[in-house]
Structures are given as structure tokens and as C-alpha cells.
Amino acid sequence: MYWVLIKAGLLRKKIRTVLTVLSIATAFLLFGMLHSMSAVFTGQMKGMSADIIMVMPRYNIFGTQPYTTFEYVKSLEGVEKASHMTILTSDMLGSMFDGVVFAVDENYFDVYKRFQVTDEHREAMRLRPDGVLVGRLLAEQKAFKIGDKVRIKSHSMNEDGSYNWEFEVVGFYTVQVYTGDEIGIIANYKYVDDSRVSMKGTTSYIIAKVLSPELADGISTKIDENFKNSDRATRTGPENQMAMEMIGQFGDIELVINLILSAVFFTILLVTGNTMSQAVRERTADLAVLKSIGYGDIQLFIMVMLESFIIIFTGLILGLGLTLLAIPLIVAASQGMAEDGIFLSTSSILLAFTIGVFVSLVSSFMPARKALKLKVVDALAKG
Amino acid sequence: MSDSLVSVNAVNKIYQRGGEKLVVLDDLNLEVPKGDFLALMGPSGSGKTTLLNLIGGLDTPTSGSVEVDNARLDTLNSRALSRWRASHVGFIFQFYNLLPVLTAFRNVELPLLLTKLSSSQRKEHVETALNIVSLVDRASHKPNELSGGQQQRVAIARALVSDPDILICDEPTGDLDRETSTEILNLLQVLNRDHGKTILMVTHDPMAAEFAKRILHLDKGKLSN
């Protein structure tokens, strides 16, 4: 019974219905895209271990910290292994797609299990001080092969008085799960530290593997407390949390996302509410006739509600469908960097459906109530 | 219990307009026997449509009783009135009031969607109704593809399809030319004579009223022959 009437209602103004559905689809596409990418912004990236903590300079994430801090961290009870990395590239943001060069100690691959290298390539790097390992993705993009030279400009002065550094490719590394980290070049810390004339004995970040994830917060607090109020103050925390803080340097991304989404859903509410109000107003005579031939108040109330549900859920499915189609395109366009960071989670889909139900109920309640309260005699008299 | 199909007893209908009381029907009594074809005439604002609405279960009186086929309409609630209308009365309006996006067939089928009839049974009923109004060949046409007379015949088929006791017609020819009006009025006569439908028709047109068996005049809320 309802379908015939709902179809009639939806088809009465086809263009308006299509435009309303499209605007809702656009809103849910935006929702889907922002939620897909929020994993990148909110540190939900798959594969980041809860038992890995990062120690960064407290007041400048691109700054350095003394090697003694590393030794302190390594000596702490509950820390299983520790390693460190030093960023050598001068323009880190500008080099994102060319590969940031970072120098690590020999433990790096033992602590950071996400980063993987063959024994052969690891040995090759150990034997050659200026040897580097290139990330798989970067190697594919730049067609690097063993024996190639890598030349970069650094903020660290070299022994020859220049800021130019040259390395030789001796192997490759891969990264489990978040392949964006494969856009990078790993060098020997000892070689870099011995060769530079400034900032010797410093490192950028310290990475420690703790014995169990439950210890991560306590150890992080202990480290930060130890260096509190000193010129080597630290900011320590689980890897994903620290990654989020790094991104937070560019602004409160989560707040921006939430503000955009709020605006989007307020718009959907207005668009759908307005469409349904107009639809009911235009159909006053039709609704009166339906009541006169025996349709009940509640039946017409349900009919208007269902009509709104169909409009919103068609837009919702279309919007989320487009999101799912767009994600592989974005991943491809990001040259693999976003491969594991962008995904539409089940919880995001459930949230979209919850929002859909809420918006449907709120936007159609008043028009549906109008249909329910419609007096046949008055409606027919108005013609 | 009355022998009449419709029994209106001491009905008053009063509207409150601001501080003023507007008496539309004034202690009105009316008996309509089964099989009657009654034309109600009178000037605008005389209460014709109000009386029709009361008998059709679309409105309730301020006081008095309205009994149709032994059902006291003035005591029924909104839900019960809806159910009663679905099975006992068919409405024919001046402006046809068809749903524009539905075909003639679908428009006629609308009252049957409230019943438990199967799809094939509904189809049978709709075709019978369209056959009575000679529009079977236009079943798949939408209202805007039909003339005014054809649209009114679709509306009549919609009113007939659930086989109601009474047809309530509010100016059914008010929007039609003379020739088409005559066709519609002839059709109403056939429904009354051959199909036993009791018809109550409001009209301004004396010629249209001539098609009825009885004519009553309503003026200032009171009936006269």
C-alpha cells in the first residue's frame, strides 16, 4: 500500500527529488571521505603497536635531543629494546614525496618490526657506512637500484663544509601495513654522526619497545617527568598518539573535521526538512482525498516519514558508495602513501546510518505531523 | 431503528470565527432512503457542502446525530470514521482530485489498497469499475492525458470501486462543459438506477439537479423542498 503512494510522492517532482538525493549523497560523500581520512589524522592507522613508545623533543618536533637521553631511555626498567632516528633532510615537508632521509642505529629493525629488511641488505648496510636502504615504494617510483647514488641537501654541515650529502643504495626495506613509510631512505647513524660537524651526538626521535602495552603510559610519564623543566624536555607517548600530535602541529584537524561534518548534517536537515515540508504542502489536496477515501491519519504520517527515509537513505547509500569507489582512486593518486591510512571503517558506516535515521526522523516529523493533523474539510475547501 | 439509509436528526453545525458564532446548519433534519438520488441546491454558504461532509463522515456535528446505514457517525472517532468511509462511502469532487503521477488504473485502485484483496482481485475490481465508466481503454493513462470528463469518470470509478452504499458528489459537473456534464449526470443516473447506489449531490446548476429523483433547497442552514 505504502509503496504506491510513496512512489507517487517521490515522482511528483522528479527533479526536486533527484536534487535532494544528490545533495544528501554529496553530504555523505564528504562524511565518508573525511571519516576515511580521519584514520590518518587520529592515529588509528593499522599496524601501529601499542607497545612502541616515541620520545620527541617537547617544544619542537623537528628539533634534536642529546644521545644521553637515548641511553637513559634504554636503561629504564620495562624497556625491552630502544633505537633512535635522526632526520637528515633539511626540507622534511617538501621532501615527503622524494623520500626523507633518516639515520638510524643498528637496532632500528629489531625495535621497529613494521620496518623489514632482508639479512643480506642489512649486512650490506653494516659493511658500507655511506650505504642506504631505500623504501620499496620510493624505489619503485624513482627506479632506484643497488649502486645508485642518492644526493640530498641537509641542515647538517658535512665534513667538507657543505650541506650536500651523498649516499649509495645498498638495499631496500619494506613496511608492514602502513606503506606510506616506504617513501623514505634509511642511513647509518654512526656514519652521519661521524661526518657532520654540527649537532654531533644528537638524535631526532627515540623509539622504545616496552615489555607490555600496559607499561607504555607509565614509562612515558616517567621519561617526561625526568626531563621536565630542562633544556632537553621530552614529549613521550605511544606511537599512534605521537603521530597524531605531529599532525596536530598543522592545526586541530579533528575539530575541523567535526565542524565540517556538523555543518554538513545541519544542511541535510534543512534540505530534507524543507523538501518534505514543500512536498506535504503541495499535496494537501491529495492527502485530503486519501483521507476521504479511508486512509487513516497514522497511515499518512507513516507514509510521509517513509518518504523522507527513502530520500535520505538513497542519498546515504549513494554517498557512501561513491566514497568506496573514490578511496582506491585517492590511494592510487597518493602513490601508495595512503594505502593503509584511508579506509571506511564499519563504525563509520554504522555512524552514517545512525545519522541517517536521526536526520530522517527529525526532518520528516513536522511534515508528517502536518499530514496527520490535516483536516479533510479545510484542505478540500482550500482546494 | 430508522428505515432510511441516511438519517440526520436535529443537527447543528456552528463555527466559531473570532468572537462570532456562525451557524451553518440550524436544527436540521433529513431522511434519505436507500436508492435515492438527492440533489441539494442553495446559495453559497447555505451549508450544502457541510451537510454532505457530515453525511460522508468527514466532519462531525456540533450537536444532533447523523446515522448512515445504522452507524452513528457523530459518535465515531477519527480512526473509526476512516475505516467507515473506506467501505461505505465514495466521494466525487468538483476538481476530480486524482493523484497526478498515478495512472487511471492506480488512481482507481487506491481505496482497494486498504483492503485485504489480492493483486489479481484488485485488478478485477478496478477493471469492473473502469468498465462501468467506459474507460477500460484509458487505464494506463495519467490524469494529464485525459480530458476533464474522463478525469471525472476516473474519479467516479475510484468512488465506486469499493462498492460503497452511498456516493457523495460535491459539484461533480462544476468544472465541466454542458455536454460533458450531461454525460456525467447520465452516468450517475445509471449508477443510481441500475447499480442501486444512493446518491447525494450538491449542485448550483438547476439542469444538473433535474437528473436527481429529489431536489432539496438549503438556505441559511435549513432545508426546504
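Every number in this text was worked out from the coordinates using simple rules, so none of it is lab data. For clarity, every value in this text was computed on a predicted model and none was experimentally measured. Note that we place each Cβ from the backbone using ideal geometry, even for glycine, and neighbour counts take in every protein chain shown.
Structure notes:
- Integer Hz, Karplus 6.51/-1.76/1.60 couplings in order for the stretch A:265-280, x for Gly and Pro: 6, 5, 5, 4, 4, 5, 4, 5, x, 5, 4, 5, 4, 4, 4, 5
- Cα gyration tensor, the stretch A:52-211 - rounded (a/c under 1.5), prolate or oblate: oblate
- Per-residue extension of 0.36 nm, minus the Cα-Cα distance of A:E214 and A:R128, leaves a gain of 27.1 nm for this segment.
- Antiparallel DSSP beta bridges within chain A, percent to nearest 5: 75
- For B:L223, distant residues with modelled amide H under 5 Å away: B:N29
- Helix axis angle, A:14-41 relative to chain A longest principal axis, alpha carbon, degrees: 20
- A Förster radius of 22 Å, combined with the Cβ-Cβ distance separating A:I317 from B:S140, puts the computed FRET efficiency at roughly 0.10.
- Förster-model FRET efficiency, 45 Å R0, A:E71 and A:A263, C-beta, rounded to 0.05: 0.35
- Here the sum of -39500 (n - 2.57) over DSSP H runs of 4 or more residues, divided by the residues of chain B, equals -9500 deg cm²/dmol at 222 nm, to the nearest 500.
- Considering chain A at the alpha-carbon level, its Rg and Dmax are found to be 29.5, 97 Å.
- Per-pair calculated FRET efficiency, R0 = 60 Å: A:L22 and A:D119 via Cβ, rounded to 0.05: 0.60
- Remark: B:S118, A:S348, A:S364 ranked as B:S118, A:S348, A:S364, counting other beta-carbon atoms within 10 Å and listing the fewest first.
- Across B:E67, B:E31, B:E20, mean-square fluctuation computed from a Gaussian network of chain B (C-alpha pairs under 10 Å connected) peaks at B:E20.
- When each of A:K74/A:K228; A:K149/A:K209; A:K153/A:K222; B:K48/B:K213; A:K81/A:K153 is checked by Cα-Cα distance, pairs over 27 Å: A:K149/A:K209; A:K153/A:K222; A:K81/A:K153
- ³J(HN,Hα), Karplus 6.51/-1.76/1.60, whole Hz, each residue of the stretch B:114-119, x for Gly, Pro: 7, 9, 9, 5, 6, 4
- ³J(HN,Hα), Karplus 6.51/-1.76/1.60, whole Hz, each residue of the stretch B:121-135, x for Gly, Pro: 5, 4, 4, 4, 5, 5, 5, 5, 5, 5, 5, 4, 9, 6, 10
- Taking other Cβ atoms within 10 Å as a rough exposure proxy, B:S140, B:S82 sort from fewest to most as B:S140, B:S82.
- Residues B:D69, B:D27, sorted so that the one with the fewest Cβ neighbours within 10 Å comes first: B:D27, B:D69
- Interchain or long-range residues, amide H under 5 Å from A:Y163's placed H: A:N158
- Near A:E80, the amide H atoms lying under 5 Å from its own belong to A:K209, A:V210, A:L211; only residues 5 or more places off or on other chains count, and H is placed 1.01 Å from N.
- Modelled spin labels at B:Q189 and A:E166, positioned 7 Å past Cα toward Cβ, are 11.3 nm from each other.
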